[in-house]
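Take a look at the structure set out below.
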Amino acid sequence: MSKIYEKYLALKESDPDKLYLFRCGNFYIFLADDADFINNYVVLKRTKFSKEVMKCGFPVGSKEEYLKVFEHQNLKIEVIENPLLPVEISEREKFVVNYLKNIEINMLTPIDAINKLKELQEMFYES
């Protein structure tokens, strides 16, 4: 069972009335029963997430438009931006994640990447 699906099941257990929208790379996806349910409101292409689980979704760039549609339909949607992160992480771990998220990877040369890692290492060991 995938970690995202495990997280989905845990979230559904805590609040089964909410629909959970997971960021997966360049897409946002609904899983399992949520994928079936959301298609009553918006038709999204359903494909297999795993052997037993279906998914449907849309590109990241369309998020705001879809959220407006879901809000207009009074749907309770929770967006999970980093589904593979543990629910509770330390401040230090949050700092590292945010630091890495703010690096423009397409603009880095190999030397820049090494320097960024050294910078991160220095900051990490200073605190």
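Observations on the model:
- Selection count where residues are over 15 Å from the mean Cα position of the chain (by Cα) and basic (Lys, Arg), scope segment 42-66: 4
- Residues of segment 10-40 that turn out to be among the hydroxyl-bearing types (Ser, Thr, Tyr) and either out of contact with any Leu (no Cβ under 8 Å at 6 or more places or on another chain) or not assigned by TED's automatic domain parsing to the domain that holds Glu64 (or both), as a count: 1
- Residue, modelled with the highest pLDDT, within segment 85-100, restricted to residues that are assigned to a loop (DSSP other than H, G, I, E, B) and surrounded by 12 or more Cβ atoms within 10 Å (Cβ to Cβ): Ile89
- Segment 38-52 residues that are without any contact (Cβ under 8 Å) to a residue 60 or more places away in the chain and closer than 16 Å to Phe22 by Cβ, paired with ones that are among the aromatic types (Phe, Trp, Tyr) and surrounded by 15 or more Cβ atoms within 10 Å (Cβ to Cβ) (beta carbon under 6 Å, 6 or more apart): Ile38/Phe30
- When restricted to residues that are assigned to a loop (DSSP other than H, G, I, E, B), of a type in the set (Asp, Glu) and surrounded by 13 or more Cβ atoms within 10 Å (Cβ to Cβ), segment 1-43 contains 0.
- Scanning segment 60-76 for residues that are surrounded by 11 or more Cβ atoms within 10 Å (Cβ to Cβ), among the polar types (S, T, N, Q) and over 12 Å from Val42 (Cα atoms) turns up just one, Ser62.
- Given (1) touching a strand residue (DSSP E or B) at 6+ places or on another chain (Cβ under 9 Å); (2) surrounded by 10 or more Cβ atoms within 10 Å (Cβ to Cβ), index of the condition Ile103 fails: (1)
The values are calculated or read from the model by the stated rules, or taken from the named source; none is laboratory data. Only a predicted model underlies this, so the values are computations on that prediction, with no experimental measurement involved. Note that each Cβ is placed from the backbone with ideal geometry, even for glycine, and that neighbours are counted across all protein chains shown.
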